[in-house]
Every structure is written in C-alpha cells, then in structure tokens.
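The values are calculated or read from the model by the stated rules, or taken from the named source; none is laboratory data. Because the structure is predicted, anything quoted here is derived from the model rather than measured. Quick reminder, even Gly has a Cβ in these numbers, built from the backbone with ideal geometry, and neighbours come from all protein chains shown.
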Amino acid sequence: MSVLRSTALFVLAAVAEIGGCWLIWQGVREHRAPALGWVGAGVIALGIYGFVATLQPDANFGRILAAYGGVFVAGSLAWGMVLDGYKPDRFDITGALICLMGVAVIMYAPRGV
C-alpha cells in the first residue's frame, strides 16, 4: 500500500507543480488575459505542490525530491502532449522511461540489504 500511496502522491505533486508552471507560462509567455489571474492560480498550485511533497511516506527530503525529478520529466512531456499538442520523439520517450526507472530504484528498492 505504501508504493501505491507514494505513487499517487507523486502524480498529485506533478499535476500541481507542472500545472502551476503551465498557468504562469500561459499568463506571462502566452499573454493570456487577465494574466494576473493565470499567474496567481499558478502560484497557488505551486504552493500546493510544496505541501503534497511533504506527505510522502519516506522522511528523506533529498530522496523524495530526487525521485520526484523523474516524475516531473515524464509528467512534463505528458502535460505538453495533452494540453499543448506536443509530439515527443523516441528520444523524449526513452529519456522519460529512464527517468521513471530511476524513480523506481530511488524510491522502491529494498533498503538495508
């Protein structure tokens, strides 16, 4: 159950962080009106991300953030595909899969062996 909870928290964190960054990007780079509303929503989402990361069952900050980096990479590509029509090539997909394998090793490998 711990792996399932941890995975769900990583997905929630990715939605909050990537979504927050995307909202700020839309407000600033894409000049969405009213920009302040997009940016403000993005800042709130980024704050939520910060809290979600603290809910991981593992107590090691460095481990959580290092593993989350892989989730962020794969999630960012997926977000771009869904919301911006980005078409990843085989190297994007290969890189994302390598990152997700790193997440699995960092977070879920047996410890104390």
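The table that follows gives values for the structure above.
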{"quantity": "Cross-chain or 6+ apart pairs with Cβ under 8 Å, the stretch 69-86 first and over 14 Å from residue 26 (Cβ atoms), then among the aromatic types (Phe, Trp, Tyr) and modelled with pLDDT of 95 or more", "calculated": "71/10; 77/86"}
{"quantity": "Output for the stretch 26-44, where each listed residue is touching a residue at least 12 places away in the same chain (Cβ under 8 Å) and closer than 14 Å to residue 83 by Cβ", "calculated": "26, 38, 42"}
{"quantity": "Given (1) surrounded by 13 or more Cβ atoms within 10 Å (Cβ to Cβ); (2) aliphatic (A, V, I, L, M); (3) assigned to a helix (DSSP H, G or I); (4) more than 11 Å from the chain's Cα centre (by Cα), index of the condition residue 55 fails", "calculated": "(3)"}
{"quantity": "Search result, residues across the stretch 85-113 that are surrounded by fewer than 12 Cβ atoms within 10 Å (Cβ to Cβ) and under 17 Å from the mean Cα position of the chain (by Cα)", "calculated": "101"}
{"quantity": "Residue tally, condition hydrophobic (A, V, I, L, M, F, W, C) and surrounded by fewer than 13 Cβ atoms within 10 Å (Cβ to Cβ), over the stretch 71-84", "calculated": "2"}
{"quantity": "Unique residue being touching a Gly at 6+ places or on another chain (Cβ under 8 Å) and loosely packed, with under 14 Cβ neighbours inside 10 Å when the list is 44, 24", "calculated": "44"}
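Quick grid of which residues meet (1) closer than 20 Å to residue 20 by Cα; (2) in contact with a His (Cβ under 8 Å, 6 or more places away or on another chain); (3) of a type outside the set (Asp, Glu); (4) in a helix (DSSP H, G or I):
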| position | (1), (2), (3), (4) |
| --- | --- |
| 40 | yes, no, yes, yes |
| 51 | yes, no, yes, yes |
| 82 | yes, no, yes, yes |
| 88 | no, no, yes, no |
| 96 | no, no, yes, yes |
